[in-house]
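Engineer: Starting off with a structure, shown below.
The values are calculated or read from the model by the stated rules, or taken from the named source; none is laboratory data. Since we're looking at a predicted model, the values are computed, not measured. Cβ sites come from the backbone with ideal geometry, for glycine too, and all protein chains shown count toward neighbours.
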Amino acid sequence: MRDVVIIGVGMTRFGKFLERSLQDLGREAVWNALEDAGVPPEDIQIAYVANSLAYQLTEVKGTVGQHVLANAGFFRIPVINVENACSSGSTALRGACLEVASGNYDVALALGVEKLFCDDTAKSALAMASGTPYAKFGFMFPALYSMELKKWMEKYSVTQLHFAKVAAKNSRNGSLNPNAQFRKALSVEEILNSRVIAYPLTLYMCSTMGDGAAAAIVCTRDRARRYTSKPLVHVAACELVSGTVNLPNQPHVNLEANAAGLAYQKAGIGPEDINVAEVHDGMAPAEMWIYEKLGLCKEGEAARMVDEGMTEITGPIPVNPSGGLAAKGHPVGATGLAQVAEIVWQLRGEAGERQVKNPRIGLTENAGGWVIDDNAACAVTILKR
């Protein structure tokens, strides 16, 4: 297997863009990534395109990747369409990396694009909710998170105040991110006093619908210097887990812990080596239990991490410097690649006001869907400078 590096990333701003099409958003992200990488478009040999909901919400009812890339000027290359709920973007990156690592191709594009705001935004909300088998009983994602969070709060004496602190941290980070959907720093009090969605979740703790796209270009390490003099970001691991065998009398291992374990093993590191992370906080408080699942702290210590500011941009293990899903936004198919873009910018020292001090190893965790009592898919990617 050949070494794979990311040489270019690009994204749109996330937000509500009624005047923009799926194709328009995808084209911007692709060309931003090409410019960042210094790669001429004719050198792209294959593309993986992630999208979750276009077939329900837009005029594009199939072969989304082909429609978007044709609009961006790409023809006659293999295009693989990827749908894996909120993990779609990370799954697309994994596919592109495997193509290059295996020797099938030397330069590959991964794109994630989503258009959730349309004439009928209620339809968008319904489409997103359909990702859980409990939707027919009225249990949308906030309700499922709420039930899990309340059990976790009782077990570890975590409070709603801790959740508000996480959301406030991420809103501050998002206010520094020009690509974020929401760029207003919120106080803990504003978050606690916002409308209750499903206790302990309030409005400002929840991720929102959004439009947007993000892209990455990967190639072999040997070929990278033909295109760019920027620091190369090595893909040390990109592990995807979509289920585990639950054997009798053995403890259940959740998807995040399983995917993280595989990623750490492949990258030859441990959680203590991570300098910066982007995690899938579909509801901002979920960031806290992801600390534990990724091994960034011991079980039951997430609240202490928040109280001590350990995951702030200036802390020892910054998490979600982009603002996370509640501030940066969550266009489902684009989210995983936007996380990757943020880590690439952080590792290259290009993150501006939200720059973490001298990171060398970054991690993304991107999970989506819901099956029984766990996510349907989870991808953990480790990037090294």
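Engineer: Quick check on this structure: which one of Arg27, Arg2 is among the basic types (Lys, Arg), under 12 Å from Gly212 (Cα atoms) and at pLDDT 95 or above?
Structural biologist: Working: Arg2 fails: under 12 Å from Gly212 (Cα atoms).
After applying the criteria, what remains is Arg27.
Engineer: Going residue by residue through region 243-262, is there one that turns out to be in contact with a Leu (Cβ under 9 Å, 6 or more places away or on another chain), at pLDDT below 95 and of a type in the set (Asp, Glu)?
Structural biologist: Yes, the conditions are met somewhere in region 243-262.
Engineer: Let me spell it out: the conditions are (1) assigned by TED's automatic domain parsing to the domain that holds Ala92; (2) surrounded by 18 or more Cβ atoms within 10 Å (Cβ to Cβ); (3) free of Cβ contacts under 8 Å to residues at least 60 places away in the same chain, and Arg225 meets all of them except one. Which number is the exception?
Structural biologist: (2)
Engineer: Here is a follow-up. Taking region 198-209, which residues are under 23 Å from the mean Cα position of the chain (by Cα) and without any contact (Cβ under 8 Å) to a residue 60 or more places away in the chain? Outline the logic, then answer.
Structural biologist: Taking region 198-209 and keeping what is under 23 Å from the mean Cα position of the chain (by Cα), we get 201-209.
Passing the criteria: Thr202, Leu203.
Engineer: Across region 72-92, which residue is surrounded by the fewest Cβ atoms within 10 Å (Cβ to Cβ) among those that are assigned to a helix (DSSP H, G or I) and in contact with a helix residue (DSSP H, G or I) (Cβ under 6 Å, 6 or more places away or on another chain)?
Structural biologist: Going through region 72-92, the residues assigned to a helix (DSSP H, G or I) turn out to be 72, 88-92.
If we keep only those that are in contact with a helix residue (DSSP H, G or I) (Cβ under 6 Å, 6 or more places away or on another chain) too, we end up with 72, 88-90.
On the way: Ala72: 22, Ser88: 32, Gly89: 39, Ser90: 34.
In this case the residue turns out to be Ala72.
Engineer: So which residues in region 311-327 are in contact (Cβ under 8 Å) with a residue 12 or more places away in the chain and farther than 27 Å from Cys86 by Cα, if there are any at all? Give the derivation first.
Structural biologist: Pass one, region 311-327, residues in contact (Cβ under 8 Å) with a residue 12 or more places away in the chain: 311-314, 317-327.
Result: Thr314, single match.
A quick yes/no check of all residues on (1) in contact with a Phe, Trp or Tyr (Cβ under 8 Å, 6 or more places away or on another chain); (2) of a type in the set (Gly, Ala, Ser); (3) assigned by TED's automatic domain parsing to the domain that holds Gly368:
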{"position": "Val158", "(1), (2), (3)": "yes, no, yes"}
{"position": "His162", "(1), (2), (3)": "no, no, yes"}
{"position": "Val166", "(1), (2), (3)": "no, no, yes"}
{"position": "Arg172", "(1), (2), (3)": "no, no, yes"}
{"position": "Ser187", "(1), (2), (3)": "no, yes, yes"}
{"position": "Glu190", "(1), (2), (3)": "yes, no, yes"}
{"position": "Arg195", "(1), (2), (3)": "no, no, yes"}
{"position": "Ile217", "(1), (2), (3)": "no, no, no"}
{"position": "Ser229", "(1), (2), (3)": "no, yes, no"}
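Engineer: May I pose another question? Filter region 1-53 down to the residues that are hydroxyl-bearing (Ser, Thr, Tyr) and either within 13 Å of Ile217 (Cβ to Cβ) or in a helix (DSSP H, G or I) (or both) and list them by number. Give the derivation first.
Structural biologist: Here is the first cut: in region 1-53, the ones hydroxyl-bearing (Ser, Thr, Tyr) are 12, 21, 48, 52.
Answer for region 1-53, where residues must be hydroxyl-bearing (Ser, Thr, Tyr) and either within 13 Å of Ile217 (Cβ to Cβ) or in a helix (DSSP H, G or I) (or both): just Tyr48.
Engineer: Now, a different point. Please go through region 289-305 and pick out each residue that is closer than 12 Å to Val158 by Cα, modelled with pLDDT of 95 or more and in contact with an Asp or Glu (Cβ under 9 Å, 6 or more places away or on another chain).
Structural biologist: Glu301, Ala302
Engineer: Take region 130-165 and flag every residue that is modelled with pLDDT under 65 and farther than 16 Å from Met283 by Cβ. I'd like the intermediate steps shown before the answer.
Structural biologist: Of region 130-165, the ones modelled with pLDDT under 65 are 130-139.
Residues satisfying the conditions are Ser130, Pro133, Ala135, Lys136, Phe137, Gly138.
Engineer: Here's another thing I want to ask about it. Please verify whether Leu383 is at pLDDT 95 or above, in a helix (DSSP H, G or I), in contact with a Gly (Cβ under 7 Å, 6 or more places away or on another chain) and not acidic (Asp, Glu), treating the condition exactly as stated.
Structural biologist: Working: at pLDDT 95 or above: yes; in a helix (DSSP H, G or I): no; in contact with a Gly (Cβ under 7 Å, 6 or more places away or on another chain): yes; not acidic (Asp, Glu): yes.
No.
Engineer: Residues in region 307-319: is at least one assigned to a helix (DSSP H, G or I) and either of a type in the set (Gly, Ala, Ser) or surrounded by fewer than 24 Cβ atoms within 10 Å (Cβ to Cβ) (or both)?
Structural biologist: First, pick out the residues of region 307-319 that are assigned to a helix (DSSP H, G or I): 307.
In the following step, the residues that additionally are either of a type in the set (Gly, Ala, Ser) or surrounded by fewer than 24 Cβ atoms within 10 Å (Cβ to Cβ) (or both) were identified as 307.
Within region 307-319, one or more residues are assigned to a helix (DSSP H, G or I) and either of a type in the set (Gly, Ala, Ser) or surrounded by fewer than 24 Cβ atoms within 10 Å (Cβ to Cβ) (or both).
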